[in-house]
Structure formats: structure tokens, C-alpha cells
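Chemist: This is the structure, below, for whatever I ask next.
The values are calculated or read from the model by the stated rules, or taken from the named source; none is laboratory data. Since we're looking at a predicted model, the values are computed, not measured. FYI the Cβ positions are ideal-geometry reconstructions off the backbone, even for glycines, and counts take in every protein chain you see. Side chains included, ligands, DNA and RNA excluded: accessible areas come from the protein's heavy atoms. Shrake-Rupley method; radii C 1.70, N 1.55, O 1.52, S 1.80 Å.
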Amino acid sequence: MTLRLQKVTKKFGSFTAVDQLSLEIPEKQIFGFLGANGAGKTTTFRMVLGLLDQTEGDISWNNGEIGYGESHLIGYLPEERGLYPKLKVQDQLIYLAKLRGMNKSEAIKEIDIWLERFKVPEYKQKKVEELSKGNQQKIQFISAVLHKPKLLILDEPFSGLDPVNVEMLKAAVIDLKEAGTSIVFSSHRMEHVEELCESLCILHHGTPVVHGKLKEIKKTFGRKNIRIHAD
Ligand code: ATP
């Protein structure tokens with residue numbers, strides 16, 4: 001499954017948030033999407049997910065349009081986390097899994113595997129609001145991957161996590177890639193991308209300033225010269 005963006009532009013009124021962005025996100029790889037606040041990462045993800053219409057350009061996945069119809073093939077961890085605080089963890093995950101086409105017993109099995117993996121099996125019957133922010137983030141990550149999507153979109157998955165949880169999540173991302181999932185994640189931090197990704201794009205004011213394979217980019221620019229623009 002290859003995700004392709006061709007000259008994609010998004011305008012909000014007269015403001016251009018994403019400008020003529022062309023990208024190819026190869027299948028079964030981890031792709032890093034870097035940029036400072038406001039660079040256009042979340043807007044791009046929302047267009048890929050069909051949550052926003054692009055103003056111009058094409059988005060396709062194996063040459064077919066991506067939108068709500070294929071949502072069961074995509075897993076999404078949004079930047080603004082959105083769990084129901086009053087629901088118990090297991091009930092919430094079952095509910096979300098069913099929305100993505102899983103049956104209850106299948107969902108329960110997967111939920112148990114993921115809660116064990118993230119070392120929080122005892123949270124199954126706790127309400128989300130009783131969990132720390134970091135543990136809520138792990139639950140939201142589980143909700144994005146439970147239905148075994150082909151493409152996983154993670155918006156700032158490591159932000160707000162302590163180093164132990166960052167490592168836990170990174171290991172999960174690597175295992176999902178090994179299992180054949182195509183993954184794209186956004187970050188402000190080059191070190192996450194260096195550790196996980198084969199290819200990357202750095203966005204600046206909605207325009208890609210660097211795009212390609214990490215090895216080749218490092219060869220061309222040198223590690224020290226790769227900067228995420230913060231202005
Ligand atoms: P961050 O790292 O802060 O999440 P980002 O790279 O994800 O940043 P976006 O959230 O995509 O950036 O925002 C890109 C630009 O588009 C910003 O200047 C933002 O203010 C603007 N923008 C995003 N959504 C809207 C909207 N609905 N209406 C108007 N402007 C918007």
C-alpha cells in the first residue's frame with residue numbers, strides 16, 4: 001500500500017497551510033514527517049484521512065482515493081487525544097474496535113495482548129480519567145492499532161511521554177512495521193526520526209524543504225546540518 005500526495009494544497013481562506021506538497025510514503029516502512037509548530041503536518045494528515053478536503057491536488061493510496069470509505073484500513077492517533085474520560089478502558093476500546101469492524105471477542109483478545117505489552121493489564125476496568133496522561137496516550141495508541149490497519153498515522157505519538165514509555169511505543173511501532181504496516185508519524189525531533197525511519201520529509205510553512213531517504217539526506221547534508229525550522 002503506497003500513499004501518494006501530488007501537489008496537494010490546503011488553504012484556509014487566503015492562508016496557505018500546505019503548499020503544493022508532493023510525497024510518496026512507501027509501503028511497509030516508517031516515514032517521518034518533521035516540522036515546527038504550524039508547519040502543516042496535522043493538516044496534511046487530516047486531508048489523507050478525508051477529515052479535510054484539499055483545496056488542490058490528489059491524494060491516493062494504491063491509485064484509489066482515500067476517504068471515509070477506507071477508514072478501517074487506516075489507524076489514526078490524533079494530536080489532540082480524544083478518549084471518553086468516564087468510560088472504562090476495556091469498554092472504550094471495544095466500542096472503538098467495533099466501529100472499525102471488529103467483533104467483541106476478537107477485540108477483547110487484542111486488547112489483552114496490548115495492555116499486557118504496555119504493562120498496564122490492571123487498567124482494563126479503570127475509567128480513563130483515573131489514568132495518567134502518559135497511560136491515556138498508550139490506550140489511545142492501542143485504539144489506533146487494534147483493528148490491524150494497513151496504514152498507521154501517528155500525530156506526535158511521543159510527545160508528553162516519559163522516556164520509558166517512549167521506548168515502549170517505539171518498540172511497538174517497529175514491530176508493527178515488521179508485521180507489514182505502513183507507518184507515518186510526525187515529530188518535532190530529529191532523533192526519533194533517525195532511530196525509526198527510512199524516509200522523511202521536513203515541512204516548513206507547508207512546503208517540503210527536505211524529502212527522501214534518511215541515508216541519502218544525511219550523506220548530502222550531514223547530520224549537523226539537518227535542522228527543523230522553528231521560526
Ligand atoms: P503542530 O506541530 O503545532 O501540530 P502542524 O505542523 O501540525 O503544527 P497544522 O496544525 O497543520 O500544523 O497547522 C498549519 C497551519 O494551518 C497553522 O498556521 C494553523 O494555524 C493553520 N490552521 C490549521 N487548521 C486551521 C483551520 N481550521 N483554520 C485556519 N487555520 C488553520
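Chemist: At 1.4 Å probe size, put Leu3, Leu51 in order of accessible surface, largest to smallest. Write down the numbers at each step before the final one.
Modeler: Working: Leu3 5, Leu51 90 Å².
From most exposed to least exposed: Leu51, Leu3.
Chemist: Take the alpha-carbon centre of the stretch 97-127, take the same for the stretch 15-35, and report the distance between them in whole Å.
Modeler: About 31 Å separates the Cα centre of the stretch 97-127 from the one of the stretch 15-35.
Chemist: Counting only heavy atoms of the protein chains, get the accessible area per residue of the chain (1.4 Å probe) and round it to a whole Å² value.
Modeler: On the way: 11360 Å² over 231 residues.
Using a 1.4 Å probe on heavy atoms only, each residue of the chain averages 49 Å².
Chemist: Percent of accessible area on the chain owned by carbon and sulfur, 1.4 Å probe?
Modeler: Numbers: 5690 of 11360 Å².
Carbon and sulfur atoms account for 50 percent of the accessible area of the chain.
Chemist: Compare Val128, Val209, Val164 by solvent-accessible area with a 1.4 Å probe and give them largest first, with all protein chains kept in place. All intermediate terms of the calculation are to be shown ahead of the outcome.
Modeler: Details: Val128 5, Val209 70, Val164 100 Å².
Solvent-accessible surface, decreasing: Val164, Val209, Val128.
Chemist: Any chance you could look up the accessible area of Glu129 with a 1.4 Å probe, heavy atoms only, rounded to 10 Å²?
Modeler: Looks like 90 Å² after rounding.
Chemist: Taking the chain as the reference, fit the longest principal axis to its C-alpha atoms, fit the long axis of helix 89-99 to the helix C-alpha atoms, and give the angle between the two in degrees, 0 to 90, nearest 10.
Modeler: Taking the Cα atoms of the chain, the angle to 89-99 is about 60 degrees.
Chemist: Could you give the length gained by full extension between Tyr84 and Glu194, i.e. 0.36 nm per residue of separation minus their alpha carbon distance, to one decimal place? Each step should come with its number before you reach the end.
Modeler: Numbers: separation 110, 0.36 × 110 = 39.60 nm, distance 3.39 nm.
That works out to 36.2 nm of additional length.
Chemist: Using a 7 Å offset from the Cα along the Cα-to-Cβ direction at both Tyr95 and Lys133, what is the distance between the two label points in nm, to one decimal?
Modeler: 2.3
Chemist: Sum up the charges of everything whose Cβ sits under 11 Å from the Cβ of Glu195, counting Lys and Arg as +1 and Asp and Glu as -1, but leave Glu195 out. Show your work: numbers first, answer last.
Modeler: Working: positive: Lys170, Arg189; negative: Glu167, Glu191, Glu194.
Around Glu195, the surrounding residues sum to -1.
Chemist: Using Cα-Cα distances under 8 Å and only pairs 6 or more residues apart, what relative contact order does the chain have, in percent?
Modeler: Working: 417 pairs, mean separation 68.1, N = 231.
After rounding, I find 29 percent.
Chemist: Turning to a different aspect of this structure: What is the helix-to-structure angle for 104-117, meaning the angle in degrees between its Cα long axis and the longest Cα principal axis of the chain, kept from 0 to 90 and rounded to the nearest 10?
Modeler: 70
Chemist: Once the dipole of the stretch 1-66 is set up with Lys and Arg at +1 and Asp and Glu at -1 on Cβ about the Cα centre, which of Ala36, Ser14, Ile59 lies farthest towards its positive end?
Modeler: It is Ala36.
Chemist: Using only Cα atoms, tell me the angle between helix 133-145 and the longest principal axis of the chain; keep it within 0 to 90° and round to the nearest 10.
Modeler: 80
Chemist: Let me ask another. Using amide H atoms built in the peptide plane, which far-off residues or other-chain residues are under 5 Å from His147 H to H?
Modeler: It is none; the list stays empty.
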